[in-house]
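The values are calculated or read from the model by the stated rules, or taken from the named source; none is laboratory data. Bear in mind that the values here come from a model prediction, so they are computed numbers and not experimental data. Neighbour counts run over all protein chains shown; Cβ positions are idealised from the backbone, glycine included.
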């Protein structure tokens with residue numbers, strides 16, 4: 001089960017992205033998310049069966065305290081801004097810091113949403129920011145159904161890659177967990193030194 005956060009300022013289209021991806025539905029009536037919404041989806045990624053738990057979190061400042069409790073246990077994050085509202089792009093760093101305070105460094109992608117509207121943030125700016133943050137960048141339109149599946153599949157692939165890399169690291173360094181009530185290898189070897 002991959003818990004994935006979808007975060008960003010209010011009215012950037014987080015709920016629409018999640019609904020389009022998980023339910024293949026779209027509504028152009030805006031209703032702010034109060035606290036959080038939850039969706040799930042099962043999919044196959046490169047031969048791996050994956051279950052997503054997608055947490056759409058309210059972006060208004062008054063929900064910051066509530067959001068932080070939902071961050072725990074997340075395996076990945078989708079940062080969303082609205083290309084037609086520059087201030088939502090400029091707030092991305094604040095979102096990265098807020099998620100990082102609870103989750104540390106987890107795989108993430110950046111989405112510039114609403115590309116069907118007149119732009120205030122150019123594609124190149126989104127790419128430059130994403131390269132600085134070492135996160136893939138996607139531009140999406142729920143209205144035109146552009147890059148929705150591709151962006152959510154990308155975050156899953158990043159999570160799988162991280163899991164595989166951490167397994168390879170454990171194998172490479174032969175990290176073996178110590179059983180409860182068993183002396184560690186250092187304790188066992190020290191018995192022979194005296």
I'm trying to understand the selection: among the residues of the stretch 67-90, which are more than 14 Å from the chain's Cα centre (by Cα) and in a strand (DSSP E or B)? 82
Check on residue 110, buried (at least 16 other Cβ atoms within 10 Å of the Cβ), touching a helix residue (DSSP H, G or I) at 6+ places or on another chain (Cβ under 9 Å) and not in a strand (DSSP E or B): no
Residue identified as more than 14 Å from residue 8 (Cα to Cα) and crowded, with 21+ Cβ neighbours inside 10 Å among 81, 38, 138, 143: 138
Return yes or no: is residue 18 free of Cβ contacts under 8 Å to residues at least 40 places away in the same chain, crowded, with 22+ Cβ neighbours inside 10 Å, in contact with a strand residue (DSSP E or B) (Cβ under 6 Å, 6 or more places away or on another chain) and not in a strand (DSSP E or B)? yes
Per the list (1) over 22 Å from residue 21 (Cα atoms); (2) assigned to a loop (DSSP other than H, G, I, E, B), residue check on residue 135 breaks on (1)
Is there any pair with a first residue in the stretch 49-69 that is surrounded by 11 or more Cβ atoms within 10 Å (Cβ to Cβ) and a second that is in a helix (DSSP H, G or I) and modelled with pLDDT under 90 whose Cβ atoms are under 9 Å apart and which are 6 or more apart or on different chains, and what are they? 57/63; 57/66; 57/67; 58/66; 58/67; 59/67
Taking first residues from the stretch 107-123 that are on the phi > 0 side of the Ramachandran plot and second residues anywhere that are surrounded by fewer than 21 Cβ atoms within 10 Å (Cβ to Cβ) and assigned to a strand (DSSP E or B), the pairs with Cβ under 7 Å that are 6 or more apart or on different chains are 114/141
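For the stretch 91-106, name all the residues that are free of Cβ contacts under 8 Å to residues at least 24 places away in the same chain and either outside any helix (DSSP H, G or I) or farther than 25 Å from residue 65 by Cβ (or both).
104, 105
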Only residues that are under 12 Å from residue 79 (Cβ atoms) and without any contact (Cβ under 8 Å) to a residue 24 or more places away in the chain: list them for the stretch 124-156, please. 130
